[in-house]
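Engineer: Mind looking over this structure? Questions follow.
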């Protein structure tokens with residue numbers, strides 16, 4: 001299945017203006033937004049989030065847990081890929097073809113899914129470059145950081161789901177949709193990547209009791225760790241609460257910084273994620289603090305050396 005990954009995540013929220021404030025501070029661009037109805041919030045390649053009121057009648061039904069995630073919209077490479085998804089999933093469940101050409105169905109855990117030929121734009125932007133003895137990544141006079149450096153999220157990276165029944169959830173994405181397991185936290189759950197995306201993961205499942213089912217967090221890719229650190233610092237300055245980070249994960253190698261959000265889940269900046277092909281051999285390790293991150297920073301206010309005590313002090 002030539003699935004790329006999430007083009008959009010759809011939420012039904014309690015406080016639309018609070019989501020607008022958070023997501024615009026995060027760096028997403030609002031489109032067709034109104035405080036009464038919500039709108040779209042997009043990254044540089046057009047992937048993003050759709051925010052509606054919880055009681056919006058156009059939304060799919062909510063999960064029994066009341067989690068605010070209402071639907072994942074997964075992009076595929078072309079019409080042939082979309083037809084292949086319809087043929088496979090139509091074997092044992094209802095698959096609706098909507099007027100806009102997209103498909104609508106559910107996975108085996110009751111999460112609403114939509115599939116469409118991707119609308120994401122191809123990006124042509126430089127990534128962060130690193131200078132090191134023996135390998136100078138930046139040209140002479142090319143700065144690594146500067147005042148007003150852009151910190152716009154580039155693309156929707158991944159979604160992490162609380163899932164009661166890990167085994168059938170994994171089987172659906174692996175066996176029916178062609179996702180590949182890249183790594184697994186034993187007793188917790190696996191990371192998965194779709195066939196048409198080399199990223200370490202677009203999905204991660206966490207085993208939880210049924211009453212917790214829903215979205216745990218979502219993430220957007222940044223252009224590099226410097227952009228991530230600057231974007232997170234802006235969020236702190238704007239008064240938003242950090243949940244975890246900044247730091248760097250082990251599985252996936254991505255830098256991270258998570259923030260609490262009014263979407264009923266955490267929202268992460270990530271950068272510099274590993275990519276894999278079909279030769280990759282998945283790893284397994286028990287979940288724990290040492291497995292979850294290579295290192296973790298503690299944010300504090302900016303500081304500068306004062307030059308030491310004055311003479312006589």
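Engineer: Residues that are surrounded by fewer than 21 Cβ atoms within 10 Å (Cβ to Cβ), in contact (Cβ under 8 Å) with a residue 60 or more places away in the chain and in contact with a strand residue (DSSP E or B) (Cβ under 8 Å, 6 or more places away or on another chain): find the strands (runs of 3 or more DSSP E) completely inside segment 215-306 holding 1 or more of those.
Structural biologist: 283-286
Engineer: Sticking with this one: Restricting attention to segment 93-110, and to residues there that are at negative phi and in contact with a helix residue (DSSP H, G or I) (Cβ under 9 Å, 6 or more places away or on another chain), which single residue is surrounded by the fewest Cβ atoms within 10 Å (Cβ to Cβ)?
Structural biologist: The qualifying residue surrounded by the fewest Cβ atoms within 10 Å (Cβ to Cβ) is 97.
Engineer: If you take the residues of segment 140-162 that are over 17 Å from the mean Cα position of the chain (by Cα) and touching a residue at least 12 places away in the same chain (Cβ under 8 Å), which of them is nearest to residue 71 (Cα to Cα)?
Structural biologist: 150
Engineer: Further question on the same structure: Taking the stated definitions as given, is residue 123 under 19 Å from the mean Cα position of the chain (by Cα) and surrounded by fewer than 17 Cβ atoms within 10 Å (Cβ to Cβ)?
Structural biologist: Spelling it out, residue 123 is indeed under 19 Å from the mean Cα position of the chain (by Cα) and surrounded by fewer than 17 Cβ atoms within 10 Å (Cβ to Cβ).
Engineer: Since residue 99 meets every condition but one in (1) touching a residue at least 12 places away in the same chain (Cβ under 8 Å); (2) in a loop (DSSP other than H, G, I, E, B), which condition does it not meet?
Structural biologist: Going through the list (1) touching a residue at least 12 places away in the same chain (Cβ under 8 Å); (2) in a loop (DSSP other than H, G, I, E, B), residue 99 breaks only (1).
Engineer: Is it true that residue 72 is out of contact with any helix residue (DSSP H, G or I) (no Cβ under 8 Å at 6 or more places or on another chain), touching a residue at least 24 places away in the same chain (Cβ under 8 Å) and not in a loop (DSSP other than H, G, I, E, B)?
Structural biologist: yes
Engineer: Follow-up. Return a yes/no flag: does segment 83-91 have any residue that is part of a helix (DSSP H, G or I), buried (at least 19 other Cβ atoms within 10 Å of the Cβ), at pLDDT 95 or above and in contact with a helix residue (DSSP H, G or I) (Cβ under 7 Å, 6 or more places away or on another chain).
Structural biologist: yes
Engineer: I'd like to check something: does segment 135-144 contain any residue that is in contact with a helix residue (DSSP H, G or I) (Cβ under 9 Å, 6 or more places away or on another chain) and within 30 Å of residue 225 (Cβ to Cβ)?
Structural biologist: Scanning segment 135-144, I find at least one residue that is in contact with a helix residue (DSSP H, G or I) (Cβ under 9 Å, 6 or more places away or on another chain) and within 30 Å of residue 225 (Cβ to Cβ), so the answer is yes.
Engineer: What number goes with the only condition from (1) closer than 30 Å to residue 17 by Cα; (2) touching a strand residue (DSSP E or B) at 6+ places or on another chain (Cβ under 9 Å) that residue 77 does not pass?
Structural biologist: Condition not satisfied by residue 77: (1).
So that you can scan it fast, the table gives a plain yes or no per residue for (1) modelled with pLDDT under 95; (2) part of a loop (DSSP other than H, G, I, E, B); (3) closer than 16 Å to residue 112 by Cα; (4) touching a helix residue (DSSP H, G or I) at 6+ places or on another chain (Cβ under 9 Å):
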| position | (1), (2), (3), (4) |
| --- | --- |
| 8 | no, no, yes, no |
| 12 | no, no, yes, no |
| 19 | no, no, no, no |
| 33 | no, no, no, yes |
| 45 | no, yes, no, no |
| 49 | no, no, yes, yes |
| 67 | no, yes, yes, yes |
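Engineer: Restricting to segment 146-172, and then to whatever is modelled with pLDDT of 95 or more and assigned to a loop (DSSP other than H, G, I, E, B), can you tell me which residue is surrounded by the fewest Cβ atoms within 10 Å (Cβ to Cβ)?
Structural biologist: Across segment 146-172, the extreme among qualifying residues is 152.
Engineer: Any idea which of (1) surrounded by fewer than 20 Cβ atoms within 10 Å (Cβ to Cβ); (2) in contact with a helix residue (DSSP H, G or I) (Cβ under 7 Å, 6 or more places away or on another chain) is the one residue 41 doesn't satisfy?
Structural biologist: Failed condition: (1).
Engineer: Looking at 198, 190, can you tell me which residue is in contact with a helix residue (DSSP H, G or I) (Cβ under 9 Å, 6 or more places away or on another chain) and modelled with pLDDT of 95 or more?
Structural biologist: From the options 198, 190, the qualifying one is 190.
The values are calculated or read from the model by the stated rules, or taken from the named source; none is laboratory data. Predicted model only: the values in this text are computed from it and were never measured. For neighbour counting, all protein chains shown are included, and Cβ atoms are generated from backbone atoms with ideal geometry for every residue, glycine included.
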